[in-house]
Amino acid sequence: MRAFSRLLAAAVLLAAPSAFAHDDKVGDIEIGHPWTRATPPAARVGGGYLTLTNKGQTADRLVGGSSPASGRVEIHTMEVTDGVMKMRELANGLTLPPGETVKLEPGGFHLMLTDLKAPIGEGAKVPVTLRFEHAGSVAVELAAGALGAPAMEHGDHGAEHGDQDHGQADAGGDEAAIQHVLKSIWDSEASPLGVAPVVVAGDYALAGWVQAERGGRALLRRRGDAWGIVLCSGDELKSAENLTTAGVPTEDAEALTAELAVAEAKLDAKTVAKFSLFEGVVRMDEEGRHGSAHGGKH
Ligand SMILES: [Cu+2]
């Protein structure tokens, strides 16, 4: 329980854009679409995402940042080791090769606002100053989309993955919608994602997933007609107490764990064992390019 809370506090906030922010430029560095996402009330960290294009002839480097909204702004990378996603601070900054665009995005490089002074509210503009080794400093604003709201609304990413369906519940009901949300992010021909069982209580759901030799459990939340992923974990999500910690109302948490136990008892032991393989807690919001959270496919 304590460990879970700590993990939650330290969990990575993965998010997806829902607002199109203005572009900025400093020296040879062009900054595109800076965004973040609203955080849960207890969150101490937030993510920051944007693209950096080096229009110059020589390499530059994002070496740091600062924000009045957080104690620190760190530059992080995500790595998957043995199927477990971890993030690591890039102590030497992020190299920006000449003529190239480097994306800071969920599941990859990102800014991490640690020690948030207050939760990030939907629609907020979070000011961040970015510091480059050669280009100097520039102020940008991270436009905050909703927590768990449908994302990828803007046209920029549409061609690439705008059809990831915003988790709308459809005729197939909650289970189909939830499977669809998970698959739209992680499923691929090369590595099909299996989603089962799915149990729903109130506005929350638990889903087991397996992909090749990996697996885990996901907690999802309904907002309006859409289901969004709240977090991914393993055995932690079998505990009603942990679910409550993650924000699920006690009644729903108890219903979920009871139903999950019944549903998983019908599966073969090998599959259920895979659900336990996911270590730690990765807090997310639905959508986005979160592939590396589970699969390291990027
Ligand atoms: Cu991070």
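The values are calculated or read from the model by the stated rules, or taken from the named source; none is laboratory data. In this text the structure is predicted, and so the values were computed from the model without any measurement. Heads up, the Cβs are rebuilt from the backbone with ideal geometry, glycines too, and the neighbour counts pull from every protein chain shown.
So, in segment 123-142, of the ones that are part of a loop (DSSP other than H, G, I, E, B) and closer than 21 Å to residue 45 by Cα, which residue ends up farthest from the ligand (Cβ to nearest atom)?
In the first step, residues of segment 123-142 are kept if they are part of a loop (DSSP other than H, G, I, E, B); the result is 123-124, 133-135.
Of the ones still in play, those that are also closer than 21 Å to residue 45 by Cα are 123-124.
Working: 123: 23, 124: 19 Å.
By that ranking, first place goes to 123.
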### Task
Could you look through segment 93-122, keep only residues that are within 23 Å of residue 71 (Cβ to Cβ) and more than 16 Å from the ligand (Cβ to nearest atom), and pick out the one that is surrounded by the most Cβ atoms within 10 Å (Cβ to Cβ)?
119
### Query
Within segment 243-274, which residues are assigned to a helix (DSSP H, G or I), within 21 Å of the chain's Cα centre (by Cα) and either at pLDDT 90 or above or surrounded by fewer than 18 Cβ atoms within 10 Å (Cβ to Cβ) (or both)?
243, 244
### Message
I'd like to verify a number: residues in segment 27-60 that are crowded, with 18+ Cβ neighbours inside 10 Å, at pLDDT 90 or above and among the hydrophobic types (A, V, I, L, M, F, W, C), how many?
### Response
5
